[in-house]
Amino acid sequence: MDWNLVSKILLPEFIILGAVLITILLSLIDKTKKYTGLVATFALFLAALVAAISTQGEEVTKILNSAFISDSLSRYLRVLIYGIAALIALAATKYIEKFESPAEYFPIFLTATLGAGFLAGVNDFLTLFIGLETLGLSAILLVSYSRKLQKSNESAIKYLLTAAVATGILLFAISLLYGITASTNFAQVASRIVQLESISLLSVPLKILISALLVGAIAFKLAAAPFHNWTPDVYYGAPTSSTLFLSVISKIAGFAVAIRVFGTVFHNEFLLPMLSIIAVLSIIVGNYVGIIQIISRGSVKKLLAYSSIAQSGYLLVALACLRLESVGSLLLYITIYAIMNTCAFACVIYFEQETGSDSVFDFAGWIQKKPMLTIIFSIALFNLAGLPFVPAGFIAKFFLFSTSFSSGLIYAPYLVIIALIGSVIALFYYLYLAKLMIVDEPSFALKQLETVEVVAVTEGTSKCGYSYDPARLTAMLSVGVLIIVSIFGMDYLQGVSEMAIYKIGV
Amino acid sequence: MQFLATISSLPFYILATISIICALGMILNPNLVRAGFTLIGSFIGIAGLYFLLNANFVAVSQVLIYAVGIVLVIVFAVMLCSLKEEAHNIKESVFSSKARVTFAVLISSLVFAVLSFVIRSQDWQAIAKLTGAERQSSLVQLVDDKYLSQIGFLMLNKYILPFELVSVLLLIVLVGTILLSKKDIK
Amino acid sequence: MANLENAWLIALYPLISALLIMFFTHKSRPLSMGLSVSAVAIGFIHSLVLFLNFHDNHAHEVNFNWIKAGDFHLEMGYLVDKLAIGMLLTVTLVSFLVQIYTHAYMDEDEGYTRFYSYLSLFTFSMLGLVISTNLFQMYFFWELVGVCSFLLIGFWWYKPSAAHACKKAFVTNRVGDAGFLIGLMLLYAFTKDFWVNGIATMSFTSLQEAINYAIHNNGLELLGWVSVTSIGLLIFMGAMAKSAQFPLHIWLPDAMEGPTPISALIHAATMVAAGVYLLARIFPICSIEGSAALPVIAWIGGITAIFAATIALTQNDIKKALAYSTCSQLGYMVLAVGLGAPIIAMFHLITHAMFKAMLFLGSGSVILGCHHEQDMREMGGLRKYMPITAITFLIGTLSISGLPFMSGFWSKDMIIAKAFEVSPALFWIATSTALLTAFYMFRIYFKTFEGEYRGHAHPHEQPLAVTVPLMVLAVPSIILGLWGSPLLGYPLIHYFDSHFHAHGTGWGFFLHELSQPMGYLPLLSFIIGTSVAYLVYVKKKTINDKLVNVLAKEQFAWLYKGSVNKWYIDEAYEFVIGLFMKFFRATWKFFERVVIEGIFINGFAWRGSELVGEILKLTQNGRVQSYIAIMFVGLLFFVVMFLV
């Protein structure tokens, strides 16, 4: 085994691993509890940078007995995961201070990201399972972080129980696959299945069962209906930065696994209808309940949770078509989605820091207090809705739907039409929230804020020890990236995401 | 021949019955501590099944980790927390308990029916023949006393990445557990 | 040719300064001013270097991929040819001077730095528009320019009139831009397969080939609802709105609510000229043999010219009068394009940019001097108090009225001469407009600067930051035209168009031309217009003891009223739109009651969502047990669906 090669390829992961240890130690030393977040941010950013500039993604390399594959797709996704995770860690830095023992948040956060990073280059069912568990268990810890709040504990337990069932489902699928192929390696499993099918030894019901189990287990990670029910409760109860992590990093990792498994290992005619049904259900449920949330003036976090279910649905439409072009545009869209969602949640985090509330109603008239952030939030919402206001979201969505539409799948046009109708319905709640913030009079919570601030100033206490609020910085950074990408980089990004798929290694 | 086959598969039926009955007992027993202990019975039954399959190591692990470790933890947890106060706060479902039980039984039996149908539809013998070479070699190693060292070798060689990842996972779960259970510092 | 490769930097400098001001230096006035002014100054020098080094007759073009989706691709890039360089120089020069002027004009305003950032942003957008390589990119910057104009007209947003004016400008421009966009899409639809082989979509350099290709291969007709003519006219609609052509001119006079530097930069010199520039760029489409677009353009230009001139006669607000004069001059330019001479239009555009910017800046100086008084009835005799402003204003007036050998004379007379060749009717319209122009411009000058002061403020001359730009602009207002004149052999026009065919050059030819009707009639109209204005406003001639202008007001009361009220165009719009609205209101009411409310809301949304809601309420009940049960139901459904 060429350890040189291994250390070269897994350098970003080693950086993160090192950062895990450093942050654990730092949490013991650092009394101000301020630097662990910054260390984590820096390490993640460094990892993204290293993954981006390393040349090892150019050709397909399998390391560690083919447990991990380094190809264009894994490189792309690792850069994306680590980069976005860096932004999220930054956003969480100050937000997390209000909880008990804030410093330990980041080792857990880093491990979760590490799990997601390994899933990007997963090439073995055992790695897949362990990676998912690393991601999932760490995520449960992240969800339960504000343990004084009952809703956080409740959501953690719910997540734990449903995740355990999903893990069981996945393990059952893996064990069945092992049973018929006597291997856990992706390439061997794929070739063995082809061999079995060529002599028609593989029974059709078994194929269906394995497909259903795999789809179910992965759909759970993607928060796609009908495996989505945990999402609103968990997203609502968790600390907002953990919600952001779940809605972005977990989702990217889920799609990474889905693309690998369905694209290269286990591919049959039953998968596509299943994925399509999931996609349609997700779009309907996500958008419908999203509207109910906004009408009943529920929680913005829940609103974004349902919106992320619907977004999963759009992405699944492209996955269900399972053509190179459509999956390429899936990668493009998930990239833009990750940035947009990070931006939106960073604004929610900032709002929560200020007012301690996340109810839709309290967002009213935010523009009169924080015009810049309101505009950034609105841009993120417009992009999530797919409006060409800063055109990245629109272009990505356009590619997603157009490549799916022309993918040649018989019912792809219907899927796209449903997705389009869903987007139109989604417009309502995105724009309603934007309208609420921009047009309406400031809410009671915001008006109170002013008096609190005045008191704080008169007492001579500074509210935060940062020269610039990290959550706000995250929002500005991500919207900046969004704007730059949409003006200069869409073509480049599209090219990269397309190449990532075309050069996928098997 | 038929009789011999039945006789040889008799231990399987006994162990399977034990674990099924114990599992049912665990679900139906209203006393949580007793339910926990019946769970041990179920796990031991499954461990016996592993023994029958010559998977000694897995069987022992099953007994050590699940039957003893995990169940003990569950029992302790149940004994430690009192459910009296929270019990009142549980919202009543819109469905009656009878409806819920019926639904659960229906779903479970459907899952059972589907799984058994699907698994029986596959000709496992043929696959075993096809992939027999590897099976054979692993069976040979089973009787070998180097069996455990084989597992160790595989873990540190072929499956090094998952193995190391598990260590990271354990580390962080440890940190998280301490975090969740430690008393608030004022 | 390093300068050529970096031509896109010219547009980038102001963008950088705009961003810097917006995000960093908005607290410091001198820093913001310095950034903004130096950015545009560097841009001007860069353009000058480009001008001196660029001698190719073909365009230099660089494209970058912007959006690519299958066969559909859009490019961004920059295009340098002589036309673009001419515009670059004009825009950067005027912008530079206006920005210096702004320092004095906005000195007391709270939004000083904001104003500079907007100015820089506008300059960026305008330069981006100028160096656009294709129609899509131009459309992009076109909209950006529109947004900047909206921001700047509404700069004093707390004034209701300004808020109203910026909305009006924006909406009117939307009407034109809608036409522009439809035209673009039609054009793309017919030339779709032409752009496949790596040619930048809609690039100006291939426009002619593309349209020929569409006619021969894709059956694009010459006349009809969907034809070369209609495409040309639809794109022209965009130019109509931006260049304030009748009947979409209504926004321009109202746009004078913005600060005066803006009126000078955007609504006199550069942005409104973008329409003419666009026409010069799409000239290959309009001038296809058999297309009827050019005569329509010419007539709209001619009508605008004379129509706006008649309104300018009676306006009392100095800026409004100048605004209508701008309208009228833009009409000349559009007329020139319609007559098939886009180069002459560009010539007039450049000279007009100089003297009209100067006139507006002069009017701003007057307004400052009179303590924000814009009504000419409250002015008069200002020459004594503000000599520099008065002299430069007089130069501008002479130039626009067409005193021989001034810039405006050459460019305007070339348009009139061209009209004489093509259509007698348009020639007479253009000539009478020249007469009116001379009259109303001198009316403005005499009412403002001659006679006795009628106001109550204490007029005074303005600081150097105001007067220097005026003096600088006076130079090209006098002499720039000579380069386009037969005396020097039309070097400027040859620069733009190497194939330009002149009938003759030199003094002899000039005198010969003067002896022709197209030569002496404009000259005559200048003399008549000027002398009548002199007699009426300076000598105050009386007929039957009544001042001539008062008499005219009484005798031709209905004409006067019409002119003062801008020929009731706004009212007409209000009436027509009101009718439409009533009609739509009735139909929509029906539609909403029956279709939306009846079928969608009460049907789908209410009953339907009640149903879906009930189902979802059952599933999303907060119980983990049911969540897991639903997961298994889903799995079972998948398996059973395919097994059965």
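The numbers here are math on the coordinates, done by the rules we state, and not lab data. Just so we're clear, the structure is a prediction, and the values are computed from it rather than from any experiment. With ideal geometry, Cβ positions are generated from the backbone for all residues, glycine too; neighbour counts draw on all protein chains shown.
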Classify the stretch C:15-115 as rounded, prolate or oblate, taking a ≥ b ≥ c as the square roots of the eigenvalues of its Cα gyration tensor: rounded when a/c is under 1.5, otherwise prolate if a/b is larger than b/c and oblate if not.
oblate
If you take every residue apart from residue C:371 with its C-beta less than 13 Å away from the C-beta of residue C:371, what net charge results, scoring Lys and Arg +1 and Asp and Glu -1?
-4
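Return C:485, A:312 ranked ascending by Cβ neighbour count within 10 Å, so the fewest neighbours appear first.
Working: C:485 22, A:312 30.
Going from least to most buried by this count: C:485, A:312.
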The Cα extents of the stretch C:477-525 along the principal axes, largest first and rounded to whole Å, are 31, 25, 15
Straight distance only, please: which aspartates and glutamates reach the Cα of residue C:539 with their own Cα at less than 15 Å, same-chain residues fewer than 8 apart left out?
C:450, C:452
Using DSSP to define loop residues, name the chymotrypsin sites (Phe, Trp or Tyr not before Pro) in the stretch C:124-181 whose beta-carbon has at most 13 other beta-carbon atoms within 10 Å.
C:157, C:158
Run the quick spin-label model on residue C:541 and residue A:488: label points 7 Å from Cα toward the beta carbon, then report their separation in nm to one decimal.
6.6
When N is the residue count of the stretch A:217-290, what does its C-alpha Rg come to as a fraction of 2.2 N^0.38 Å?
1.17
Within 10 Å of each residue's Cβ, count the other Cβ atoms and sort A:228, A:267, C:499 from fewest upward.
C:499, A:267, A:228
Given the -39500 (n - 2.57) contribution per DSSP H run of 4+ residues, what per-residue ellipticity at 222 nm results for chain C, rounded to the nearest 500 deg cm²/dmol?
-22000 deg cm²/dmol
Distance check, please: which entries in A:98/B:182; A:151/B:98; C:418/C:447 exceed 24 angstrom between their Cα atoms?
A:151/B:98; C:418/C:447
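Here are some pairs, C:384/C:553; A:62/A:397; A:148/A:302; which of them have Cα atoms lying more than 22 Å apart in this structure?
Working: C:384/C:553 30 Å; A:62/A:397 33 Å; A:148/A:302 20 Å.
Pairs exceeding the cut-off: C:384/C:553; A:62/A:397.
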Expected sort for C:507, C:483, C:8 with the fewest Cβ neighbours (10 Å cutoff) up front is C:507, C:8, C:483
Check the straight Cα-Cα distances from residue A:207 and name the aspartates and glutamates below 17 Å, setting aside those fewer than 8 residues away within the same chain.
A:197, A:269, B:123
For the stretch C:237-251, take each phi angle, set θ = phi - 60°, evaluate the Karplus expression 6.51 cos²θ - 1.76 cosθ + 1.60, and give the result in whole Hz per residue in order, putting x for glycine and proline.
4, x, 5, 4, 5, 6, 8, 6, 8, 4, x, 9, 7, 4, 7
Give me a comma-separated list of calculated 3J(HN,Hα) values for the stretch A:197-204, in order, Karplus coefficients 6.51, -1.76, 1.60 applied at θ = phi - 60°, integers in Hz, x for any Gly or Pro.
5, 5, 9, 6, 8, 8, 6, 4
Subtracting the Cα-Cα distance of residue C:565 and residue C:599 from 0.36 nm times their residue separation yields 7.4 nm
Count of Lys pairs (Cα-Cα under 24 Å; at least 8 positions apart or interchain) in the stretch C:136-282:
5
First select every other residue whose beta carbon is under 14 angstrom from the beta carbon of residue C:110; then total the charges, Lys and Arg +1, Asp and Glu -1.
+1
Paired Rg and Dmax values of the protein assembly as shown, which use every Cα atom, in angstrom
38.6, 142
Diffing the stretch C:413-419: the Karplus 3J(HN,Hα) column from phi (6.51, -1.76, 1.60, θ = phi - 60°), in whole Hz with x for Gly and Pro, holds 5, 5, 5, 5, 5, 5, 5
Taking the alpha-carbon centroid of each part, what is the distance from the stretch A:348-413 to the stretch C:51-103 in angstrom?
34
Once the dipole of chain A is set up with Lys and Arg at +1 and Asp and Glu at -1 on Cβ about the Cα centre, which of A:428, A:61, A:144 lies farthest towards its positive end?
A:144
Tell me, how many Å apart are the Cα centres for the stretch C:260-288 and for the stretch A:95-111?
59
